[in-house]
Amino acid sequence: MWNIKKNIYIDRPVDDVYRYAIDPSHWFQWYVGLSEPENLVGKGETGTTMDMKYTMLGMHLPIKVEVLETSKNGERYSWEGTVKGAIDSQQSWTYVPEGEGTEISINMNYELPGKLIGKVANTLIIKKLMDNSMEQTLNNLKAVCETSDTYSMK
């Protein structure tokens, strides 16, 4: 199992960022490689499930996503979910107020299928691709949140 840890500052209030970021109907707009959800049950809260495809190295890998927990502790939010299928991962996202904006941290543990690793003999390449993908995902979320008006963030 491999691990990625990343963080980013978004110049937008934590309530706005969290509400937008946990809504699966928006994920494909900013999360690199994700398709629009199918069979979506829920709006990102605990218990939400959906089927999606994750595109990597030209392969469209079927995955099932489940939100395990969403919580608020004071002004801090957290989101935890699992991905199962062609890729298995557990992701924890935290959203903390920082000045007028939001500091997001992600901690992701993941495993890739043998057939994908077999196509790319060098596992260091896969690790780098996943790391770059998560970095771009956070940058995409930042761009959307910082340039969208309040109406489009709902």
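In order along region 35-52, phi translates into HN-Hα couplings of 8, 5, x, 10, 6, 6, 10, x, 10, x, 6, 3, x, 4, 9, 6, 9, 8 Hz, rounded to whole numbers, per the Karplus curve 6.51 cos²θ - 1.76 cosθ + 1.60 with θ = phi - 60° and x for Gly and Pro.
Ignoring ligands, DNA and RNA, what percent of the accessible area of the chain is carbon or sulfur (1.4 Å)? Each step should come with its number before you reach the end.
Details: 3970 of 8050 Å².
Heavy-atom surface of the chain belonging to carbon and sulfur, 1.4 Å probe: 49 percent.
Per DSSP H run of at least 4 residues, take -39500 (n - 2.57); add these up for the chain, divide by its residues and hand me the 222 nm value, nearest 500 deg cm²/dmol. Before the final figure, lay out each step's value.
Details: 4 runs with 46 residues, N = 154.
My calculation for the chain gives -9000 deg cm²/dmol from helical runs alone.
Counting Lys and Arg as +1 and Asp and Glu as -1, each charge on the Cβ, what is the dipole of the chain about the Cα centre in debye, to the nearest 20? Please report the intermediate quantities before stating the final value.
Working: 16 positive and 21 negative charges, 130 e Å.
In total the dipole reaches around 620 debye.
Accessible surface area normalised per residue over the chain is 52 Å², counting heavy atoms of protein chains with a 1.4 Å rolling probe. Find me the longest stretch of the chain that has none of the exposed GluC sites (Glu not before Pro), where exposed means in a DSSP loop (not H, G, I, E or B) with at most 15 other Cβ atoms within 10 Å. Longest stretch, sites excluded: 101-154. Of the residues F28, A86, V17, the one whose Cα sits farthest toward the positive end of the charge dipole of the chain, with +1 on the Cβ of Lys and Arg and -1 on the Cβ of Asp and Glu, is A86.
Based on the Stokes-Einstein relation at 37 °C and a viscosity of 0.692 mPa s, and on the Kirkwood radius from alpha carbon pairs, the chain is assigned a translational diffusion coefficient of 206 µm²/s. For region 1-79, trypsin sites (Lys or Arg not before Pro) meeting the loop criterion (DSSP other than H, G, I, E, B) and having at most 14 other Cβ atoms within 10 Å: K43.
A simple rule links phi to the HN-Hα coupling: the Karplus curve 6.51 cos²θ - 1.76 cosθ + 1.60 with θ = phi - 60°, which for region 64-72 gives 10, 10, 10, 7, 7, 7, 10, 8, 10 Hz, with x for Gly and Pro. For T137, the accessible surface of its heavy atoms amounts to roughly 0 Å² (probe 1.4 Å, protein chains only, rounded to the nearest 10). Under 5 Å from the amide H of D88 lie the amide H atoms of E111, each residue being 5 or more positions distant or on a separate chain, with H modelled from the backbone and absent for Pro and chain starts.
For Y9 and Q136 in the same chain, what is the full-extension length gain: residue separation times 0.36 nm, less their Cα-Cα distance, in nm? Walk me through the numbers on the way to the answer.
Numbers: separation 127, 0.36 × 127 = 45.72 nm, distance 1.36 nm.
Full extension from Y9 to Q136 adds 44.4 nm.
The values are calculated or read from the model by the stated rules, or taken from the named source; none is laboratory data. Note that the structure is a prediction, hence the values are computed from the model and not measured. Glycine also receives a Cβ, built like all others from the backbone with ideal geometry; neighbour counts cover every protein chain displayed. Accessible surface is based on the protein model in full, side chains and every heavy atom, while ligands, DNA and RNA are left aside. Shrake-Rupley method; radii C 1.70, N 1.55, O 1.52, S 1.80 Å.
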